[in-house]
Ligand code: 4H7
């Protein structure tokens, strides 16, 4: 995937996205990140990219000319979905990140000041995305969050050990707690079951911790989560199903009238 980022702060991106898992994806050629300096396109004699808001009020607005010209250059021979990071956007979800990971090309516009002149948004933007209900000084950190999140869903970005499936939100629950060596650290022990090697017990323990943490912190997630019958019983949402009568090992027995012991019909 190729991603162009239109921004007043192009130097912010590579020190973050150039490392770790996204950095490895860039080195492998699976991902290309191209920050583009909007200011390079301004025709203002003082290099300004902002101006006063029509109608008055505090702060400045990103002026349309450099944004238009930057988009014109960036989209030449580069057909891409064009996204503005904005608190007015639809909130990013794991599902939306997975869908965006299917795109060949993306362009992100990072707004600053009190926002972007609406004509530039109307002309160039396909979709607005928010990373949550809070305010940032600019769209750059939001763009990096979206890029980090979607890149994990591009085939080959995660290694064989790192799965995008078996984790929080893939089944709609929060993750169970993780432990590594040593088994005892500063008086705190790793839960016994994790040392037992008993795979079924470990899976049950992890599932129950996920259910506990989700109910405690994000109970609304339980409504939408994919819950098994066992999950629902654990949460007390369901009566345990009647136990299937355990057949005792059959002892040698005198032939009786019991249907089970009737000889096979001819
Ligand atoms: C576009 C439009 C994203 C970009 C407006 C961006 C939060 C998010 C910005 C603004 C962002 C998010 C203008 C909104 C100034 C805040 C005081 C940059 N903030 N601004 N306002 N939640 N800020 O994804």
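Values computed for the structure shown
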read-out	value
In segment 83-103, the residues that are exposed (fewer than 13 other Cβ atoms within 10 Å of the Cβ) and more than 11 Å from the ligand (Cβ to nearest atom)	93, 95, 99, 102
Any chance residue 194 is closer than 22 Å to residue 95 by Cβ, at pLDDT 95 or above and surrounded by 13 or more Cβ atoms within 10 Å (Cβ to Cβ)	no
Any hit, segment 194-212, residues being touching a residue at least 40 places away in the same chain (Cβ under 8 Å) and not in a strand (DSSP E or B)	no
Wholly enclosed strands (runs of 3 or more DSSP E) of segment 1-101 bearing at least 2 residues touching a strand residue (DSSP E or B) at 6+ places or on another chain (Cβ under 6 Å) and within 30 Å of residue 225 (Cβ to Cβ)	81-91
Hits in segment 102-113 (condition: in a loop (DSSP other than H, G, I, E, B) and within 30 Å of residue 54 (Cα to Cα))	111, 112, 113
Leading residue by the ranking (nearest to the chain's Cα centre (by Cα)) among those in segment 114-136 that are part of a strand (DSSP E or B) and surrounded by 20 or more Cβ atoms within 10 Å (Cβ to Cβ)	129
Total residues in segment 137-149, condition within 15 Å of residue 5 (Cβ to Cβ), surrounded by fewer than 22 Cβ atoms within 10 Å (Cβ to Cβ) and within 9 Å of the ligand (Cβ to nearest atom)	3
Test: residue in segment 29-52 that is surrounded by 13 or more Cβ atoms within 10 Å (Cβ to Cβ) and under 30 Å from residue 171 (Cβ atoms)	yes
Qualifying residue in segment 104-113 (condition: assigned by TED's automatic domain parsing to the domain that holds residue 75, away from the ligand (no atom under 16 Å from the Cβ) and surrounded by fewer than 18 Cβ atoms within 10 Å (Cβ to Cβ))	yes
Cβ-Cβ under 7 Å pairs, at least 6 apart or on other chains, segment 126-144 side in the same structural domain as residue 10 (by TED's automatic domain parsing), far side part of a helix (DSSP H, G or I) and more than 7 Å from the ligand (Cβ to nearest atom)	129/146; 131/145; 131/146; 140/12; 144/16; 144/17
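The values are calculated or read from the model by the stated rules, or taken from the named source; none is laboratory data. Computed from a prediction, not measured in an experiment: that's the story for all the values here. Note that we place each Cβ from the backbone using ideal geometry, even for glycine, and neighbour counts take in every protein chain shown.
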